[in-house]
Structures are given as C-alpha cells and as structure tokens.
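Just below is one structure, and these are the notes that go with it.
The values are calculated or read from the model by the stated rules, or taken from the named source; none is laboratory data. All values reported here derive from a predicted model rather than from experimental measurement. Counting neighbours? That spans all protein chains shown, and the Cβs are built from the backbone with ideal geometry, glycine included. The area values use the complete protein model at the heavy-atom level, side chains included, leaving out ligands, DNA and RNA. Shrake-Rupley method; radii C 1.70, N 1.55, O 1.52, S 1.80 Å.
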Amino acid sequence: QAKSQGMGRYEIFNTNMHTKSLARLQLETDLRRSLERQEFEVYYQPIIHLESQQICGFEALLRWQHPTRGMISPLEFIPLAEETGLITTIGCWVLYQACTQVKIWQAEFPQLYPLTMSVNLSAKQFLQPNLLDQIEQTIIATNCERTHLKLELTESVLMNNAVTISQTLTQIRQLGMQLSIDDFGTGYSSLSYLHRFPLNTLKIDRSFISTLAGSNEHLAIVQTIITLAHNLNMDVTAEGVETPEQMAILRELKCEQAQGYLFAKPMNVKDTNLLLEHAHQTAL
Ligand code: C2E
Ligand code: MG
Ligand code: MG
Ligand code: MG
C-alpha cells in the first residue's frame, strides 16, 4: 500500500512538472506574439514633489493584457522576457512609448513642474552592448527632452555587474539622461560602493515605507537612508506611500519625492490625461 501511495505521489509530481513546463512554454509563445498583437500597454504612475505637492514626473510601468488570462503582472512576465531575450525588444518599445508620451505631456501642460519620465531597465538591458545607441535613437525619433528621461536600475544589477556597468552609467549621464537606483534596501548593496556610481535619485523600497509610521526602527532606517543619499548628492523618492501619515513623516525627513496609491495608482494614458488636466486647472 505504501508503495502504491508513493507511486501515486510520483505521478502527481510528474504531471505537475509537465503541466508547469507546458504552461511556461505556452506563456513564452504568447509573449513572443504579444508585441505584434498589441497586447502591451504602458501605464503611468505620478511621482509627487513633496514640498510643492505637485506632480514632477511619472514612472512607466508595463502591462500585459493576455487574451485569455487577463492582466499579467510584470513581476511574472518580465523575468520570462529576460530569460528568453525578448526583453530587448519589449524594453525598446516601452522606452519609445514613454519618451513619446512625456514629450506630448510637456507640450500640453507647460505650466506644470518639468516632468521627468522614469523607465525601468532590467539587468539584461543594461548589459546589452547597443543600449546607448538604442536610447539615442529613441530620443532623436521622439524628440523627447533627454534630461527628463530617468532610467531605473536595481541594486542587484549594480552590485552584480559593478565593473561592466559603471562605464555605461557614466556615458548615460554624459549624454544628459538621469539615473535612479530602484527598490533600495531590498538588495545587498554595499554602501561603500554606492558613491562610485553616478546616480541622481535613490528610491526607497516600499517595504520600509509601509511600516514607517508604526516602527521606530524603520523610521531610523529611512532617516539614515535619506541622509546617506543626500550626503552622496542624490535626491530621494519614497515608493509605496499609501497614507497621509507616511507622507507627513517623509516631508519632515526632507525626502524630495513620493510615489504611491495615496496619490495615484499606475494609470493608462486616458486617465493620466484627466489627472494632468485637473492639475493644470488648479495650477492656473
Ligand atoms: P518597480 O519599478 O519598483 O515599480 C513600482 C511597483 O510598485 C509597481 O508595480 C507599482 O504599481 C507598485 N506600487 C506603486 N505604488 C504602490 C503602493 O502605494 N502600494 C503598493 N502595494 N504598490 C505600489 P508593478 O507595476 O506591478 O511593477 C512591478 C515591477 O515590475 C516594477 O517594480 C519593475 O521592477 C518591473 N517592471 C514594470 N514595468 C517594467 C518595464 O517596462 N521594464 C522592466 N525591465 N521592468 C518593469
Ligand atoms: Mg521602478
Ligand atoms: Mg521600485
Ligand atoms: Mg519594486
């Protein structure tokens, strides 16, 4: 009896594995077709300048509307896009959309705070040899203000490829674009290394912000991160701000920018237009 149970379990495990790899394969096939089928859409989440309470920029966040599975999170398909190399094409498309959009918004709403556009780049993208050409071509094609483009990279990308990437980052800055370190505090970044990279903005991961109000330790950590960033000539964006209390603390700590559901969720172009029109009206 024990043996048949064992067999049964083995079979279930095997079937699971099989189903899993089939599902993955299917998703991979779908991902390959998604661009031409126009299933991707870039959403935009506002970034708020805390002192003036004005929108000072947006982060471009990719969405995949799968024909049968509905909306699939980037946390699920970006790693797959990385593994398959599709990230190069997809990333290029996102960059083009984001640059086109910020150009339009800047022209339409000149009274607003100069808007930056933040775009996430994954490790593979930063390591691809023609990245700089790709960015240059996109900037020229879209006629977007290069100083308003901000590229986000994570700590692990920095730390795992410090030597290779350092030169690329310097070139990006020399060309006039900006750089942010994303999800700060979740990786294993060596603090002694941070000053070697030419970064403009440090984004504190939302895991620190969500517990900010309830924990003295987290308050101390956030305060220390902000001081560190300022000492290294970086400004700070807090991610995942959801309550007025968190916002008040961050303002007191002289954190420059904030992003989170308290202000707005990532939105499609149409909804973002409405938000900007409203901001524009109140600024007049
Ligand atoms: P991220 O770059 O750290 O982006 C911030 C994430 O936090 C977004 O998740 C956003 O929707 C979410 N968020 C913002 N405010 C709040 C809040 O107040 N509360 C909570 N709970 N969440 C909040 P999203 O859009 O699901 O993206 C997840 C990750 O996928 C991004 O994290 C980024 O690493 C990656 N990603 C998204 N778009 C792209 C892309 O175009 N290219 C690349 N390479 N990665 C992307
Ligand atoms: Mg980001
Ligand atoms: Mg982040
Ligand atoms: Mg994140």
Exercise for review: Run down Ile221, Ile225 and say which single residue is within 16 Å of ligand 1 (Cβ to nearest atom) and surrounded by 16 or more Cβ atoms within 10 Å (Cβ to Cβ).
Suggested key: Ile225
Revision key, fill the gap. By residue number, the members of the stretch 156-186 that are within 15 Å of ligand 2 (Cβ to nearest atom) and farther than 23 Å from Thr116 by Cβ are Ser156
Practice item. Could you grab the pairs with beta carbons closer than 6 Å, sequence gap of 6+ or different chains, first residue in the stretch 226-245 and closer than 14 Å to Ala264 by Cβ, second one part of a helix (DSSP H, G or I) and aliphatic (A, V, I, L, M)? Key: Gly240/Ile209; Val241/Ile209; Val241/Met247
**Study point:** Matching entry among Glu145, Glu136, Glu152 (being at pLDDT 90 or above, closer than 18 Å to Ser180 by Cα and away from ligand 1 (no atom under 16 Å from the Cβ))
**Key:** Glu145
Check your understanding: Pairs, please: C-beta under 9 Å, at least 6 apart or cross-chain, first residue within 21 Å of Trp105 (Cβ to Cβ) and charged (D, E, K, R) and in the stretch 125-149, second outside any helix (DSSP H, G or I) and open to solvent by 40 Å² or more (accessible area, probe 1.4 Å)?
Key -> Glu145/Pro114; Arg146/Leu175
**Study point:** Residue match in the stretch 150-158 (condition: surrounded by 14 or more Cβ atoms within 10 Å (Cβ to Cβ) and more than 16 Å from ligand 4 (Cβ to nearest atom))
**Key:** no
Review point. Does Lys103 qualify as being open to solvent by 10 Å² or more (accessible area, probe 1.4 Å) and under 25 Å from Gln281 (Cα atoms)?
Key: yes
Practice item. Filter the stretch 71-99 for residues that are open to solvent by 20 Å² or more (accessible area, probe 1.4 Å) and either outside any helix (DSSP H, G or I) or in contact with a Lys or Arg (Cβ under 8 Å, 6 or more places away or on another chain) (or both) and give the result. Key: Met71, Ser73, Pro74, Glu82, Thr84, Gly85, Leu86, Thr88
Point to revise | Among (1) under 21 Å from Val42 (Cβ atoms); (2) touching a strand residue (DSSP E or B) at 6+ places or on another chain (Cβ under 9 Å); (3) of a type outside the set (A, V, I, L, M); (4) more than 16 Å from ligand 4 (Cβ to nearest atom), the one test that Gly176 misses | key: (1)
Exercise for review: Grab the helices (runs of 4 or more DSSP H) fully contained in the stretch 195-284, keeping just those with 3 or more residues being of a type in the set (A, V, I, L, M, F, W, C) and under 22 Å from Gln53 (Cβ atoms).
Suggested key: 216-231, 244-252, 269-283
**Study point:** Residue identified as within 16 Å of ligand 4 (Cβ to nearest atom), under 18 Å from the mean Cα position of the chain (by Cα) and charged (D, E, K, R) among Asp205, Asp235
**Key:** Asp205
Practice item. Could you run through the stretch 39-50 and say how many residues are outside any strand (DSSP E or B) and either at pLDDT below 95 or open to solvent by less than 20 Å² (accessible area, probe 1.4 Å) (or both)? Key: 1
